[in-house]
Amino acid sequence: MIKVSKPKIRFKKFNDSWSIKKLSDTQTCFKDGNYGEAYPKETDLTTSTQGIPFLRGSDLDNGKLTLTNARYITKSKHNELVSGHLIEDDIVIAVRGSLGSLGYVSPESVGWNINSQLAIIRTRKIEIIGNYLIQFLLSNRGGKEISSHITGTALKQLPIKQLKNIKVPIPKIDEQSAIGSLFRTLDDLLASYKVNLANYQSLKATMLSKMFPKAGQTVPEIRLDGFEGEWGNAIINDYVTLLNGRAFKQDELLNGGKYRVVRVGNFNTNEKWYYSNLELEENKYANKDDLLYLWATNFGPEIWKEEKIIFHYHIWKLEFDRSIIDRNYLYYWLEKDKKRIQQNTNGSTMVHVTKSMMENREFLFPMFREQQAIGSYFSNLDNLINSHQEKISQLETLKKKLLQDMFL
């Protein structure tokens, strides 16, 4: 046992030094899913409604146990395989296949079972709390510790005898409890935001399919209160002008300059920005709040939200009479239309949309006030989606920082 100094980040009320021990020097016990001749056969598998989850490595996801693609065994077979029964605060680890993947046993996953790819780490609670240990194992330090005990070359594995050699920093139980509770709170917040995000995204997809008329119809299935009457029927070219971007030679793209040059890749990744000092016709620039359309590689509408820039050849700027067509409405119509295009190309996002094809796409629109209401509805929904995505990103960054700095 080695006495060590404090971690970088610590609750103020704790001052005792931590110890580092191998798990073999604690009263932690280990179990695996090697059941010998009793191992489930195909005939022992059943449905989710009649069986017990029989977890594999693919069911472990960054500290969580998931049932998205889980298999199930009969209750009679489960009762045979008692060594693999999960109890609360267990840690499940992949010892074959997706080596080192981890899952924590919360109350809802008590009583599940494990297959031969997995092992159970079960601590003695007056010594190490599982909810603390799982957080250490998920940290960078813990991940390196796990990786250092993987054996084999062609067939890598993580035998239990190697798991026992994993070194773990161990504070007093009350500090372990505080650390575990902090991460549990973060995980609960993350889970809540992710559920809400999925619900908002699902709502948006549903409303995009129902708040615009279906093919051959002139009124939508769902309509905001206070609006009635048939929608106008036209083609894009009747109301929208597609302006071509600037085709640059490679030597015209600079590493610095007066204007940024926005390319398709800048919307989809953080691809390197190029610049230009060229002074061009005004219609080669995009300003804040302009509506653009990417037409090569990845395609679809984008609203430019930053400073004046030059847009590249693979992007169109859309010009239209804003007293007749609401910009947000047009954006969401084009987003909906993008899905129609994808449906006709087997869902591919790698589509080359020609200018003549886009100009002749169907364009349905209601009276201007209803356009504004529809645009506002989806814009508000997108704001909710974006705020949840940002909060999830912030929480994940915070968790990563704490995992790095709250352990030795």
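What follows draws every value from the coordinates through simple rules; no lab data is involved. All of these numbers come straight from a predicted model, not from anything done at the bench. Every residue, glycine among them, receives a Cβ derived from its backbone with ideal geometry; neighbour counts consider all protein chains shown.
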Would you please calculate the Kirkwood hydrodynamic radius of the range 170-215 over all C-alpha pairs and express it in Å, rounded to one decimal?
13.5 Å
P(r) tail for the range 77-132, what percent of Cα pairs lie past 12 Å?
64 percent
Most fluctuating residue given options Ile93, Ile173, Ile392, as computed from a GNM of the chain linking Cα atoms under 10 Å
Ile173
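Per Stokes-Einstein, at 37 °C and 0.692 mPa s, what whole-number D in µm² s⁻¹ belongs to the range 91-195, with the Kirkwood radius over Cα pairs as the hydrodynamic radius?
Working: Rh = 14.8 Å.
D = 222 µm²/s.
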Normalised radius of gyration for the range 10-93, please: alpha carbon Rg relative to 2.2 N^0.38 Å, two decimal places.
1.48
Considering the convex hull of the alpha carbon atoms of the range 369-408, report its projected area averaged over all viewing directions, in nm², one decimal.
2.2 nm²
Any chance you could list the semi-axes, whole Å, largest first, of the equivalent ellipsoid that the Cα gyration tensor gives for the range 152-243, using √(5λ)?
58, 22, 13
Extension length gain for Lys308 and Ser356 (0.36 nm per residue less Cα distance), in nm, is 14.6 nm
Determine the gain in length on full extension of the stretch Glu127-Asn383; use 0.36 nm per residue of separation and subtract their C-alpha separation, reporting nm with one decimal.
87.5 nm
Assigned charges on the beta-carbon of Lys, Arg, Asp, Glu; the chain dipole about Cα centre (debye)
1880 debye
Using only the Cα atoms, work out Rg/Rh for the range 1-147, with Rh taken as the Kirkwood radius, to two decimals.
1.03
For the range 293-333, evaluate the Debye formula with one uniform point scatterer on each Cα (no solvent term) and list log10 I(q)/I(0) at q = 0.19, 0.34 Å⁻¹, rounded to two decimals.
-0.65, -1.22
Provide the descending list of Cα extents for the range 232-376 along its principal axes, expressed in whole angstroms.
46, 36, 25
Pairs of Cα atoms farther than 37 Å apart, the chain, %
48 percent
Based on alpha-carbon centroids, what's the gap between the range 221-271 and the range 3-52 in Å, whole number please?
52 Å
What is the distance, in nm, between label points placed 7 Å from the Cα along the Cα-to-Cβ direction at Met367 and at Asn233?
2.1 nm
Separation in nanometres of the label points that stand 7 Å from Cα toward Cβ, at Ile324 and Glu390
3.6 nm
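What translational diffusion coefficient, in µm²/s and rounded to a whole number, does the Stokes-Einstein relation yield for the range 317-386 at 25 °C and a viscosity of 0.890 mPa s, taking the hydrodynamic radius as the Kirkwood radius over Cα pairs?
182 µm²/s
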So, with +1 on the Cβ of K and R and -1 on the Cβ of D and E, and no other charges, what is the size of the charge dipole of the range 29-167 about its Cα centre, to the nearest 20 debye?
440 debye
For Lys258 paired with Asn283, estimate the spin-label separation in nm (one decimal), with each label point 7 Å from Cα along the Cα-to-Cβ line.
2.1 nm
Whole-angstrom gap from the range 282-337 to the range 382-408, using each part's C-alpha centre:
31 Å
Where in the range 259-306 are there trypsin sites (Lys or Arg not before Pro) that are in a DSSP coil and have at most 16 other Cβ atoms within 10 angstrom of their Cβ?
Lys272, Lys288, Lys305
Using a Förster distance of 30 angstrom, determine the FRET efficiency expected from the C-beta separation of Asn268 and Thr153, and round it to 0.05.
0.20
Which of Lys31, Lys210, Lys258 moves the most in a Gaussian network model of the chain with Cα springs under 10 Å?
Lys258
What's the percent breakdown of Cα-Cα distances in the range 262-325 across 10 Å bins, shortest bin first?
20, 56, 22, 3
Gain on full stretching of the segment that runs from Ser83 to Ala198 - 0.36 nm per residue minus C-alpha separation
37.7 nm
For the range 207-277, go through all pairs of different Cα atoms, get the mean of 1/r, take its inverse, and jot down that Kirkwood value in Å.
16.5 Å
